[in-house]
Amino acid sequence: MTQEGYNPRILGFFCHWCCYAAADSAGVSRYQYPPNVRVIRVMCTGRIDVRFILEAFRCGADGVFTGG
Amino acid sequence: MVEAGRSPNIEILTSATLKSIKGRAGNFTAEVFQQPRYINEDLCTACGVCTMYCPRPIADVYNERLDITRATHIDFPQAIPTSYYIDPKACLRVNYQTCNLCAQTCTAGAIDFSQKPKNMKLKVGSVILAPGFGRVGHDVLEKFGYGRYQDVVTSYEFERLTCASGPTEGHLVRPSDQATPKKIAFLQCIGSRDVTCGNGYCSSVCCMYAIKEASVAKEHEPDLDISLFFMDVRTQGKGFDAARKRAEEKYGLNVIRARVPKIDQIDSKLALTWTTDDGESHSDLFDMVVLSVGLDAPEDAHAIADIAGIELNSYDFCKTSHGAPLSTTKNGIYVAGAFQGPKDIPESVTQASGVAAIASELLKEGRGSQTITVTYPDEDKALEEEEPRIGVFVCHCGVNIAGVVDVKAVRDYAASLPNVAYYEDTLYSCSQDALKAIAQKVKENRLNRVVIAACSPRTHEPLFQETLRSIGLNPALFEMANIRDQCAWVHAQEPEEATQKSKDLVRMAVAKARLLEPLAQPTVDVTQKALVLGGGAAGMTVALSIADQGFETVLVEKSKVLGGNLRKLTWTVDGQDARKILKDLVRKVEKHPKIDVMLDSELESTSGYVGNFTSTISTGGKTEMVNHGVMVIATGGKEYKPKGYCYGESRQVLTQLELEQRIAKGKSGFKTTKNVVMIQCVGSRGEDMEHCSRLCCSQAVKNALKIKELKPDANIYILYRDMRTYGFSEDLYREARQKGVRFLRYTPDNRPEVVKQARGIKVNVYDRLLGEEISIPANLVVLSTGIAPGENENLSKLLKVPLTQDGFFLEAHAKLRPVEVAVDGVYLCGLAHGPKGLEEAVSQAKAAAAKAAIPLVKGKVAVEPIVSRIDKATCIGCGICASLCPFNAIQMVKEGKRKKAETITASCKGCGICASHCPVLAISMGGFTDEEIFAQIHAFSPDGCGEGSEAEKK
């Protein structure tokens, strides 16, 4: 996508116990992925209020990634 | 592992060997020899620069020699201690006084060649042996072409080849030509169930791990064709059969029941020939063969036994008995894990907790005498309440971050953010001297919030929070920006983008830090008493262990006598007198001054949380209240009552337990017995219940051998699906075969049929070798009926502890927390957890006793600060939160006319499901408030996105 000039800003809500841990171990293994996501750590995806997602879009996010 | 590394009361001595043990239980002196690491563990920051510069390549043993590492290395990134070490055999500096490159490049100054080997004497009260298992010899593998044909690999090697952090980064290739294989065969029982190599036992774990490895391989390469060659498919673990079935269906694994005698190479392919149990021979070519290698006794088993003065069994594993599986033959020395016998992770972890209980029983007099407790200064509340003064520390992590991210630019960017009063970059912020420097800067600048942009809070937050506490700041006033694991490491080729991302993450962290509030870290007093539900073997063992550790225990038994299912057993699988074990247990329980036995009693209701439960017990119509701090579920299971097979219609059809009682009466019951037919998996493995009952195969061969003793000329047939005599029970299976017991395999679509005749009964079964149905006239038909769950639904609802699909209680984590449940302060063991034999039930009971004793010993439960807080004024009492809470941590309390929700902080795990579902936003989460998260979302936008908007002000 970036080659076509589309460089989306993605906000991630990652569960501390699984997705956040997985993102860390992707780092330990030096997996490379595009630098488009900014992560907010939560203790469980159950914490994610629908208002957070709407607010993220209002703040210009092109996508929201919830991982848990 | 991380927890063990962090505990101030666990000292880890690596590269150390035991030289001698003198003394006796309660007072041993152990002599330990320790090799130097040549790297100071306290200074090493695990950045990896030393490995990068080390010129001495060595085989990477952790990766099964499939990769190369350096003399200076760490085995794997998560190793504890998180410190590198130097292999003295390969190091140029150690051997030739040259090189010294690592010392020159280590900016943390951790390399220390002045370290010398050490001999130390340790005073200990008890010794626990947990050396694990050894490797099956090379000669055994060579029989299957290993070493001769490159594409014959061991299961250990295959595991590394499919691992994302392995030598091929998870790309499955075959060693000979690095090509992706298309067709793979797994050969089971390599070095197991094989008397020719001296290992007559079953290694218990290989069937399941082979299925796991095959599944992982299929996930990497969906077009792979995988065949697994089993003698029997032994997936007897809890939930394993279901997992196997799913894997077979999802990945289309070919399960073949045959033993492949040898392997040949034809061109670049491996040729396998085998005969199936219908007598037909087959052959096929494969690209790669995986040898599912068994677990051997540790190589130094004899040395350990000599030093510790303990006995080994005939296979060089530690000698133990089914009634006392964790005790060696020497008092005060205990054993856990695979050295006690081949076993999987859940059983190993269980045993590890179990030995802790036994050691705690032995050492209760000295408890607390040598414990290290950490104390902190009082919090500076005034400073915490001042306008936020944030300190931002940006870590280089050597070159780990700074090699990609422009750390200084990030630091300077932080300076432009609101409320940032101090900013700095540090080389290794987690090193001891950097922590001291950070503490000093925080003090000097009167900072009351700290942001560290470095690695992951998952690994390092506790360390930095500890630093804050040490200078009187609340640990909640801390936030991390993960610019290493989730930035520098994963965007190594995009330095500009990574620097921008780091700035964004720091901005978001600072935005949250401005709103952080100190969180209370309360403790709750614990009622030092345990409630044990169920008076069978497991329940009695738990009660005795907790009482022996010094705590009052109430043992509640539903029936009028103690003993549970153990009352129905005559012998254990290892030939001990089950009735004697029962008698001993009952006598000890009844005599114990700290155990209060309540017979004919049941739990009626329970309320409270870890440390403070109140339960109502009903005894024959009367009720009694018991206050207790912890609770153990040991309510057992029951023998499955068979349907069909003429059970109940003919007196010649018995269950295994009924047979056992007849055997106990002696020869008279078998005078006229000519033919005995045993049918396995009655009710189990998909006939009525889905699970495998785990112990029936061993029970059947045990009873078959007993009948052979009483009536040597009896013909015994065992009709089975897979003989699952795992572990050392395999010896009984082999003995039964040798003594002429006949084993006929049947498939679930062609089950044996019991037919009543005018005189006697017969069993029809399809004989796979003959290819036709045969009829066996039987004097006795014995049904191996397996274990059904007890009436668990009520208790499950009462305690909010979930059940598995099979109706047994579900543990908190199958591998890591096998005797705990989702609710804090409640523990689980015995048949209530799932089918198992006496040996495993006793280990598990000891483990539950160890876990239950932790809050009792501490006398206080620390409450996590990240808990939900409910604003009662806003709460409308709708109860949505209480119904959604997975941990039973919210209760509805009547206040005036209305009900209000209240968090039981001791049970809350901080997940925040309640907060995100509260319709009136009355719930806030410590450390993750709506305001804090909104601030992060706003800071996500470079222009702040209407910072201070309505949502945030709320």
Quiz item: Does the range B:463-503 hold any residues that are open to solvent by less than 40 Å² (accessible area, probe 1.4 Å), away from every other protein chain (no Cβ under 13 Å) and either out of contact with any strand residue (DSSP E or B) (no Cβ under 7 Å at 6 or more places or on another chain) or polar (S, T, N, Q) (or both), and which are they?
Solution: B:Thr467, B:Ile471, B:Gly472, B:Leu473, B:Asn474, B:Pro475, B:Ala476
Practice problem: Please work out if B:Lys739 is open to solvent by 80 Å² or more (accessible area, probe 1.4 Å) and in contact with a Lys or Arg (Cβ under 6 Å, 6 or more places away or on another chain). | Solution: yes
Quiz item: Only one of A:Arg51, A:Arg38, A:Arg30 is facing chain B (nearest Cβ under 7 Å), charged (D, E, K, R) and part of a loop (DSSP other than H, G, I, E, B); which?
Solution: A:Arg30
Practice problem: Output the residues belonging to the range B:242-265 that are open to solvent by 30 Å² or more (accessible area, probe 1.4 Å), in a helix (DSSP H, G or I) and small (Gly, Ala, Ser). | Solution: B:Ala242
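Quick one: which residue in B:Val682, B:Val677, B:Val701 is under 24 Å from B:Ala338 (Cβ atoms) and either touching a residue at least 40 places away in the same chain (Cβ under 8 Å) or part of a loop (DSSP other than H, G, I, E, B) (or both)? Break it down stepwise before answering.
Details: B:Val682 fails: under 24 Å from B:Ala338 (Cβ atoms); B:Val677 fails: under 24 Å from B:Ala338 (Cβ atoms).
Result: B:Val701 is the single residue among B:Val682, B:Val677, B:Val701 that is under 24 Å from B:Ala338 (Cβ atoms) and either touching a residue at least 40 places away in the same chain (Cβ under 8 Å) or part of a loop (DSSP other than H, G, I, E, B) (or both).
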Quiz item: Could you say whether any residue in the range A:4-17 is open to solvent by 60 Å² or more (accessible area, probe 1.4 Å) and either facing another protein chain (nearest Cβ under 7 Å) or under 26 Å from B:Ala922 (Cα atoms) (or both)?
Solution: yes
Exercise. For the range B:549-560, name all the residues that are over 31 Å from the mean Cα position of the chain (by Cα) and either aromatic (Phe, Trp, Tyr) or open to solvent by less than 70 Å² (accessible area, probe 1.4 Å) (or both).
Key: B:Ser559
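Considering only residues that are open to solvent by less than 30 Å² (accessible area, probe 1.4 Å) and in contact with a Leu (Cβ under 9 Å, 6 or more places away or on another chain), look in the range B:593-602 and name the one that is nearest to B:Thr523 (Cα to Cα). Give the derivation first.
Here is the first cut: in the range B:593-602, the residues open to solvent by less than 30 Å² (accessible area, probe 1.4 Å) are B:595, B:598, B:601.
The next check asks that each one be in contact with a Leu (Cβ under 9 Å, 6 or more places away or on another chain); those that pass are B:595, B:598.
Values: B:Ile595: 28, B:Met598: 31 Å.
Filtering the range B:593-602 for residues that are open to solvent by less than 30 Å² (accessible area, probe 1.4 Å) and in contact with a Leu (Cβ under 9 Å, 6 or more places away or on another chain), the one nearest to B:Thr523 (Cα to Cα) comes out as B:Ile595.
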Quiz item: Would you pick out the residues in the range B:278-315 that are open to solvent by 50 Å² or more (accessible area, probe 1.4 Å) and part of a loop (DSSP other than H, G, I, E, B)?
Solution: B:Asp278, B:Glu280, B:Glu299, B:Asp300, B:Glu311, B:Ser314
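So, B:Lys622, is that one open to solvent by 50 Å² or more (accessible area, probe 1.4 Å) and in contact with an Asp or Glu (Cβ under 8 Å, 6 or more places away or on another chain) or not?
Values: open to solvent by 50 Å² or more (accessible area, probe 1.4 Å): yes; in contact with an Asp or Glu (Cβ under 8 Å, 6 or more places away or on another chain): no.
For B:Lys622, the condition - open to solvent by 50 Å² or more (accessible area, probe 1.4 Å) and in contact with an Asp or Glu (Cβ under 8 Å, 6 or more places away or on another chain) - is not met.
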Self-check item: Top-ranked residue in the range A:18-27 [being under 30 Å from B:Val920 (Cα atoms) and more than 9 Å from chain B (Cβ to nearest Cβ); ranked as surrounded by the fewest Cβ atoms within 10 Å (Cβ to Cβ)]
Solution: A:Cys18
Practice problem: Answer yes or no: is there a residue in the range B:65-74 that is surrounded by fewer than 17 Cβ atoms within 10 Å (Cβ to Cβ), in a loop (DSSP other than H, G, I, E, B), in contact with a strand residue (DSSP E or B) (Cβ under 7 Å, 6 or more places away or on another chain) and among the charged types (D, E, K, R). | Solution: yes
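Quick check on my filter: what residues within the range B:753-802 are open to solvent by 30 Å² or more (accessible area, probe 1.4 Å) and among the aliphatic types (A, V, I, L, M)? Before the answer, list the steps.
If we filter the range B:753-802 for residues that are open to solvent by 30 Å² or more (accessible area, probe 1.4 Å), which is where we start, we get B:753, B:755-759, B:762, B:766, B:768-775, B:777, B:779, B:791, B:793-794, B:797-798, B:800, B:802.
Listed by number, the residues that qualify are B:Val755, B:Ala758, B:Leu769, B:Leu770, B:Ile774, B:Leu798.
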Practice problem: Answer with yes or no whether B:Ser456 is at pLDDT below 95 and within 14 Å of chain A (Cβ to nearest Cβ). | Solution: yes
Quiz item: Just a yes or no: is a residue in the range B:108-119 touching a His at 6+ places or on another chain (Cβ under 9 Å), at pLDDT 95 or above, surrounded by 15 or more Cβ atoms within 10 Å (Cβ to Cβ) and closer than 30 Å to A:Asp24 by Cα?
Solution: no
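Across the range B:412-437, what is the number of residues that are of a type in the set (Phe, Trp, Tyr) and under 20 Å from B:Pro457 (Cβ atoms)?
Initially, the range B:412-437 is screened for residues of a type in the set (Phe, Trp, Tyr), giving B:413, B:422-423, B:428.
Subset that is under 20 Å from B:Pro457 (Cβ atoms): B:423, B:428.
So the answer is 2.
Being among the small types (Gly, Ala, Ser) and modelled with pLDDT of 95 or more, is that true of even one residue in the range B:187-197? First the steps, then the outcome.
Of the residues in the range B:187-197, the ones among the small types (Gly, Ala, Ser) are B:191-192.
Next, from what is left, pick out any that are modelled with pLDDT of 95 or more: B:191-192.
Checked the range B:187-197: at least one residue is among the small types (Gly, Ala, Ser) and modelled with pLDDT of 95 or more.
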Quiz item: Is it the case that some residue within the range B:514-522 is at the interface with chain A (Cβ under 10 Å from one of its Cβ atoms), within 18 Å of A:Arg41 (Cβ to Cβ) and among the hydrophobic types (A, V, I, L, M, F, W, C)?
Solution: no
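Return the residues of the range B:617-631 that are over 15 Å from B:Glu557 (Cβ atoms) and touching a residue at least 40 places away in the same chain (Cβ under 8 Å); say none if nothing qualifies.
Within the range B:617-631, the first condition is being over 15 Å from B:Glu557 (Cβ atoms), and the residues that meet it are B:621-623, B:625, B:627-630.
Once the filter is applied, which keeps residues that are over 15 Å from B:Glu557 (Cβ atoms) and touching a residue at least 40 places away in the same chain (Cβ under 8 Å), the range B:617-631 yields B:Asn627, B:His628, B:Gly629, B:Val630.
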Quiz prompt | Condition broken by B:Asp412, with the remaining ones in (1) touching a Phe, Trp or Tyr at 6+ places or on another chain (Cβ under 8 Å); (2) within 10 Å of another protein chain (Cβ to nearest Cβ) satisfied | solution = (2)
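Can you name the residue in the range B:174-195 that is out of contact with any strand residue (DSSP E or B) (no Cβ under 9 Å at 6 or more places or on another chain) and more than 15 Å from B:Val293 (Cβ to Cβ) and, of all such residues, is most open to solvent (accessible area, probe 1.4 Å)?
So in the range B:174-195, the residues out of contact with any strand residue (DSSP E or B) (no Cβ under 9 Å at 6 or more places or on another chain) come out as B:177-180, B:194-195.
Narrowing the set further to residues that are more than 15 Å from B:Val293 (Cβ to Cβ) leaves B:177-180, B:195.
Details: B:Asp177: 78, B:Gln178: 116, B:Ala179: 39, B:Thr180: 64, B:Val195: 92 Å².
The extreme case among them is B:Gln178.
The values are calculated or read from the model by the stated rules, or taken from the named source; none is laboratory data. The structure displayed is predicted, hence computed values, not measured ones. Every residue, glycine as well, gets a Cβ built from its backbone with ideal geometry; the counts of neighbours run over all protein chains shown. Accessible surface is based on the protein model in full, side chains and every heavy atom, while ligands, DNA and RNA are left aside. Shrake-Rupley method; radii C 1.70, N 1.55, O 1.52, S 1.80 Å.
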